[in-house]
Every structure is written in structure tokens, then in C-alpha cells.
Amino acid sequence: MTHRPKPRILQIARLPLPALETDLAARYDVVCLSDQTDPAAFLAEHGAGFSGVVTSASIGLQGWVIAALPNLQVISSFGVGFDALDIAAARARGVQIGYTPGVLNDCVADMAFALMLDVSRGVAASDRFVRRGEWPKARYAPQTKVSGKRLGIVGMGRIGQAVAERANGFRMEVGYHNRSPAVGTTFQYFDTVVDLAMWADYLILAVAGGPATRHMVNSQVLQALGPQGFLINVARGSVVDEAALIDALTHRHIAGAGLDVFEDEPNVPAALMALDNVVLTPHTASGTHDTRRAMADLVLENLRSFYTTCTVSEPVPGT
């Protein structure tokens, strides 16, 4: 009886869930590119042996790596963002690309609300106030009520819809901006982000990254959001002009911000860290045990599906 060799998979770098690496190694012949002393030399010698790649949304996959894998057939990415993936290069080669949508909607929407509540009510800032021993000396300043306010959502996809569902529990009026009006929703649609920001008390970003949305939120949008408005970003750091945001926060052109993502992760500008009207989290919106396991399962399912049916189960749109 002959045994078919395991497909050879190139893991671009260490993955957010170690258990996924264990599961991959049990099913495939896996080599981690970041473990190689000279990745380019390694690919020049061994690249032809790999038919699959596993990566993550934050790591992505560069065109030169794709070019060094002449027999590449499938990419399975841990995450929903694919702006760091060279989609054009993969598409030109007919490579299947799978990702992990759906399973992280709830956690990302939860984080959007956590950031919104925190920056509005000063949860993290008041925690620091107590820990510094300032409570016996002074009262903490009144903060901002969230319930009943206007919530503007930029990107009414799966995550945007999950955010809107939560807004209902806070009796918030919801408006949104999309490339085009979303089907099946009665929420008010705004043609531009500026118009939405002018209307909203809170602006939550839930769009994909990439050139089409780069600096979508600029000084004009922040000016429209105004001194009583808050910005929440659980999308991609590239969506916001970070320099314009720092200026707006510093001069109180907006009330505050909750940020899970940044332009040059993991490097966060010192100017942001010095401000008390912004809450900062280290790109952990999907970072729960439940969601990371579900994402890992989809990474594995995309590979299993491809190697049995030649089609990934969750293809990146347009691929």
C-alpha cells in the first residue's frame, strides 16, 4: 500500500495561535519561512516544493515570495484583512486564496463597543486616576453618555452589521457609509464619510484596508466629527491619517478616540500614548480564545477543502 506524501506548506511567520501550528504540522509538511537564516536563499533552493502557504492578515504575503513559489496553488490566511496580501500576483497565477470571515464578527463588534464605552466614560483613564492615588484629593471629571447617541458606521459589511445590532441595545440612532447602499437595511445612508461624520456623535470604522480606503478619515472628516465627536477604529490603521488624528486629539477638535489599529504596527506614536482622550489596544479585537480557535479551524478547513476539492471553503472576494 502506497502512502501519498503530505502537501508541503510554507508558513510565512509565527501564527497568533500556537495550537494552529501544531494542527498544521500534524496534517502537512510545514516549514516556517521566518525561521530561515536567509529566506530568499531558502526559497531559491526549496521554493518549488511548496504547493500551499499559510499566513495571517497582519503578516500578509509579498509578491516576491509568490514569485519564488512556482508550484503554489493555495494560500490560507488567518484573519479577514487582505491588504497585506499581494492579491494581484496570486490572482495572476490562478492561486486560490482562503481567509477566515464571519467567525470574528462578534468579537470585533464587542471591541468596538468596549472602546467606545471606555473613551466616553473614561474607564481606563479613571482607573489610572485611582491607581495614582488621586481620588482622595479630587473628584474625577464628568464624562460622556453613550446611550441614545448617533452612531455612524463606515463599512456596513458583516462587522458593521454586528456593530449596528449592538447599537440597538443602547438605543442609538444608526447611520452608515458604504461604497453603495447595503441591501436589506433601513439605516440612514450617507453618500460621503464627511456627511456621516457631521451627523454622528460616534464614528466607527469597519472597512477593509488597502489603497481604496487609505486615509479615508482625514482632517476634513475629523473636523466634521467635531469637538463632541469620537472616532473608533477596529478596521485598519491605514484608514486614518494618523498625523491628522493626533492633531485633532491634541487640540480637542474631536472629543476622543478608541484605537485598536495603527499605521505602523506595532509602533504607536509617542504623541498618541501621551494623550488621555484616546484608548489604545494592541490590535486585539479578535483576540479571544473562542474566536482565535474558530479562525484557526477555518484556516485548516480552507486547506482541507482545497486539497480534496481544489476549492477553498472561504475564498477572498474576487479571487
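The values are calculated or read from the model by the stated rules, or taken from the named source; none is laboratory data. Nothing here was measured: the structure is a model prediction, and the numbers come from that model. Every residue, glycine among them, receives a Cβ derived from its backbone with ideal geometry; neighbour counts consider all protein chains shown.
Okay, residues lined up against (1) in contact with a Ser or Thr (Cβ under 9 Å, 6 or more places away or on another chain); (2) β-branched (Val, Ile, Thr); (3) surrounded by fewer than 19 Cβ atoms within 10 Å (Cβ to Cβ):
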| residue | (1), (2), (3) |
| --- | --- |
| GLY102 | no, no, yes |
| CYS107 | yes, no, no |
| ARG131 | no, no, yes |
| ARG166 | no, no, yes |
| PHE170 | yes, no, yes |
| HIS177 | yes, no, no |
| GLY184 | no, no, yes |
Filter result (over 11 Å from ILE254 (Cα atoms) and either in a loop (DSSP other than H, G, I, E, B) or of a type outside the set (A, V, I, L, M) (or both)) within the stretch 202-230
ALA206, VAL207, ALA208, GLY209, GLY210, PRO211, THR213, ARG214, HIS215, MET216, ASN218, GLN220
Does MET156 count as surrounded by 22 or more Cβ atoms within 10 Å (Cβ to Cβ), among the aliphatic types (A, V, I, L, M) and either in a helix (DSSP H, G or I) or at pLDDT below 95 (or both)?
no
If you go through the stretch 231-280 one residue at a time, how many are surrounded by fewer than 16 Cβ atoms within 10 Å (Cβ to Cβ), assigned to a loop (DSSP other than H, G, I, E, B) and of a type in the set (D, E, K, R)?
3
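Answer with yes or no whether GLU265 is acidic (Asp, Glu) and under 16 Å from PRO101 (Cα atoms).
Details: acidic (Asp, Glu): yes; under 16 Å from PRO101 (Cα atoms): no.
Against the criterion (acidic (Asp, Glu) and under 16 Å from PRO101 (Cα atoms)), GLU265 does not qualify.
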Are any of the residues in the stretch 110-120 farther than 19 Å from THR284 by Cβ, more than 19 Å from the chain's Cα centre (by Cα) and surrounded by fewer than 19 Cβ atoms within 10 Å (Cβ to Cβ)?
no
Name the single residue, out of those in the stretch 186-212 being within 22 Å of the chain's Cα centre (by Cα) and either at positive phi or modelled with pLDDT under 95 (or both), that is surrounded by the most Cβ atoms within 10 Å (Cβ to Cβ).
GLY209
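In this structure, is ALA26 farther than 18 Å from ALA68 by Cα and exposed (fewer than 13 other Cβ atoms within 10 Å of the Cβ)?
Working: farther than 18 Å from ALA68 by Cα: yes; exposed (fewer than 13 other Cβ atoms within 10 Å of the Cβ): yes.
When the stated conditions are applied, ALA26 passes them.
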Exception for GLY102 within (1) modelled with pLDDT of 95 or more; (2) closer than 30 Å to GLY60 by Cα falls at (1)
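If I go through the stretch 226-253 residue by residue, how many of them are in contact (Cβ under 8 Å) with a residue 24 or more places away in the chain, among the aliphatic types (A, V, I, L, M) and more than 26 Å from SER286 (Cβ to Cβ)?
Of the residues in that region, 2 qualify.
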